[in-house]
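S.K.: One structure, pasted below without further comment.
The values are calculated or read from the model by the stated rules, or taken from the named source; none is laboratory data. Values in this document were obtained by computation on a predicted structure and should not be read as measured data. Neighbour counts run over all protein chains shown; Cβ positions are idealised from the backbone, glycine included.
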Amino acid sequence: MNYSLVVLGAPYSTASATTALNFAKALLSSGHHIFRVFFYHDGVHSANKLTTTPQDEINIPQQWQALKEEYNVDLVVCIAAGVKRGILDSSEAERHEKNCSNMSNAFELSGLGQLVEATEQSDRVVTFGC
Amino acid sequence: MSSNNAKQVLVILSSSPYGGSLAKEAIDYCLAAAAFEQNIQLLFTGDSVLQLLKDQQPTGISQKNISKMLSALPIYGVDQFYVEQSALSCYGLEHAPLCLPATPVTSHQMSALLADANITLNF
């Protein structure tokens, strides 16, 4: 089955981000397909590559990146929600005249149209709230 | 992107209007979906019934007016609004004027809405 996931909760503040990640791993290892993971609201913080965790704790952005490398999962961060919360890729950083960016290359900044397309193209859309 | 898709998307709202930014971001999604001519329904549950109150004055807390944003949805062709009857009763709003023509629904009717939707999104 073709799934999309919507992640609304901030990593390390809510269970939403880790639950979404575990669900994605379970789907892919059971042979399902993920059309897209859309990071919205506080979920955008899951794309912060500066995330630094103690060695015995899960690094959520790195885990998504690993999933992207293994399964080529489409990881999309809402640009409005992301930029507002300080999640910028290098081109947005340049456009807004910031001297650094912090978004992992595994993710892509894009608009809410990507969430609309996910609802069109997926058999199931699962929201991980906050 | 194709816009002739007949999927029914049920947007389930449960956030209060100004306790967080999720209410506003949910409306942003609804406006985007409406712009792409999606078939969406809104179901206001729990604290989100407060979003429907008229005469909100959020400028004092530097927020955009949620009821005004919601009122724009019919202009974009969204016209199916439902509100959880027991949540309205809980807040004593059964007779309050609302900013959208939302149909009060029982828990049984909410189950039917969920069953009929192809996709649900929860905000």
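S.K.: Mind counting the residues in the range B:91-105 that are touching a residue at least 40 places away in the same chain (Cβ under 8 Å) and of a type outside the set (Gly, Ala, Ser)?
M.R.: Looking only at the range B:91-105, we keep the residues that are touching a residue at least 40 places away in the same chain (Cβ under 8 Å), and these are B:91, B:93, B:96-100, B:102, B:105.
From what is left, the residues that are of a type outside the set (Gly, Ala, Ser) are B:91, B:93, B:97-100, B:105.
Summing the residues that are touching a residue at least 40 places away in the same chain (Cβ under 8 Å) and of a type outside the set (Gly, Ala, Ser) in the range B:91-105 gives 7.
S.K.: On to the next question. Under the condition of being among the β-branched types (Val, Ile, Thr) and touching a strand residue (DSSP E or B) at 6+ places or on another chain (Cβ under 8 Å), which residue from the range B:25-76 is surrounded by the fewest Cβ atoms within 10 Å (Cβ to Cβ)?
M.R.: B:Thr45
S.K.: How do the pairs read when you match residues in the range A:58-74 that are within 14 Å of A:His32 (Cα to Cα) with residues anywhere that are in a helix (DSSP H, G or I) and not β-branched (Val, Ile, Thr), using Cβ under 6 Å and keeping only pairs 6 or more apart or on different chains?
M.R.: If the second residue must be in a helix (DSSP H, G or I) and not β-branched (Val, Ile, Thr), the pairs left are A:Tyr71/A:Leu28; A:Val73/A:Leu67.
S.K.: Show the residue pairs that are 6+ apart or on different chains and have beta-carbon atoms under 8 Å apart, the first residue being within the range A:107-126 and under 12 Å from A:Ala80 (Cβ atoms), the second being among the acidic types (Asp, Glu).
M.R.: Final answer for the pair search is A:Leu109/A:Asp89; A:Leu109/A:Glu92; A:Leu112/B:Asp28.
S.K.: If you don't mind, there's one more thing I want to ask. Which ones in the range B:97-106 are surrounded by fewer than 16 Cβ atoms within 10 Å (Cβ to Cβ) and either closer than 15 Å to B:Asp47 by Cβ or in contact with a Lys or Arg (Cβ under 7 Å, 6 or more places away or on another chain) (or both)?
M.R.: B:Pro97
S.K.: What's the total number of residues in the range A:89-106 that are buried (at least 16 other Cβ atoms within 10 Å of the Cβ) and free of Cβ contacts under 8 Å to residues at least 12 places away in the same chain? Spell out the reasoning first.
M.R.: Within the range A:89-106, the subset buried (at least 16 other Cβ atoms within 10 Å of the Cβ) is A:89, A:92-93, A:101-104, A:106.
Subsequent filtering for residues that are free of Cβ contacts under 8 Å to residues at least 12 places away in the same chain retains A:93.
Matching residues across the range A:89-106 total 1.
S.K.: Further question: Can you confirm whether A:Val126 is within 14 Å of another protein chain (Cβ to nearest Cβ), surrounded by 16 or more Cβ atoms within 10 Å (Cβ to Cβ) and under 10 Å from the mean Cα position of the chain (by Cα)?
M.R.: Considered against the rule, which asks whether it is within 14 Å of another protein chain (Cβ to nearest Cβ), surrounded by 16 or more Cβ atoms within 10 Å (Cβ to Cβ) and under 10 Å from the mean Cα position of the chain (by Cα), A:Val126 comes out as no.
S.K.: Turning to a different aspect of this structure: Of (1) over 25 Å from B:Asp28 (Cα atoms); (2) part of a helix (DSSP H, G or I), A:Asn105 satisfies all except one. Which?
M.R.: Every listed condition holds for A:Asn105 apart from (2).
S.K.: I'm trying to understand the selection: among the residues of the range A:5-39, which are in a loop (DSSP other than H, G, I, E, B) and of a type in the set (A, V, I, L, M, F, W, C)?
M.R.: The answer is A:Leu8, A:Ala10, A:Ala15.
S.K.: Here's something else I'd like to know. Among what's in the range B:77-90 and is touching an Asp or Glu at 6+ places or on another chain (Cβ under 9 Å) and surrounded by 14 or more Cβ atoms within 10 Å (Cβ to Cβ), pick the residue that is nearest to the other protein chains (Cβ to nearest Cβ).
M.R.: B:Ala87
S.K.: Take the conditions over 17 Å from B:Lys24 (Cα atoms), at pLDDT 95 or above and aromatic (Phe, Trp, Tyr) and apply them to A:Phe39. Does it pass?
M.R.: no
S.K.: In the set A:Gly86, A:Gly43, A:Gly82, which member is more than 19 Å from B:Leu121 (Cα to Cα), buried (at least 23 other Cβ atoms within 10 Å of the Cβ) and touching a strand residue (DSSP E or B) at 6+ places or on another chain (Cβ under 9 Å)?
M.R.: Details: A:Gly86 fails: buried (at least 23 other Cβ atoms within 10 Å of the Cβ); A:Gly43 fails: more than 19 Å from B:Leu121 (Cα to Cα).
The match here is A:Gly82.
S.K.: Another question, if that's okay. Given B:Gln8, B:Gln85, which one is in contact with a Pro (Cβ under 8 Å, 6 or more places away or on another chain) and modelled with pLDDT of 95 or more?
M.R.: Answer to the selection: B:Gln85.
S.K.: A:Ala81 - would you say it is among the aliphatic types (A, V, I, L, M) and either more than 14 Å from chain B (Cβ to nearest Cβ) or free of Cβ contacts under 8 Å to residues at least 40 places away in the same chain (or both)? Lay out the reasoning, then the answer.
M.R.: Numbers: among the aliphatic types (A, V, I, L, M): yes; either more than 14 Å from chain B (Cβ to nearest Cβ) or free of Cβ contacts under 8 Å to residues at least 40 places away in the same chain (or both): no.
Taking the combined requirement at face value, the residue does not satisfy it.
S.K.: If you don't mind, there's one more thing I want to ask. Do we have any residue at all in the range A:109-121 that's away from chain B (no Cβ under 14 Å) and either within 25 Å of B:Asn122 (Cβ to Cβ) or in a loop (DSSP other than H, G, I, E, B) (or both)? Please lay out each step first, then the result.
M.R.: As a first pass, look at the range A:109-121 and keep what is away from chain B (no Cβ under 14 Å): A:109.
Next, only the ones that are either within 25 Å of B:Asn122 (Cβ to Cβ) or in a loop (DSSP other than H, G, I, E, B) (or both) stay: A:109.
Yes, the range A:109-121 contains at least one residue that is away from chain B (no Cβ under 14 Å) and either within 25 Å of B:Asn122 (Cβ to Cβ) or in a loop (DSSP other than H, G, I, E, B) (or both).
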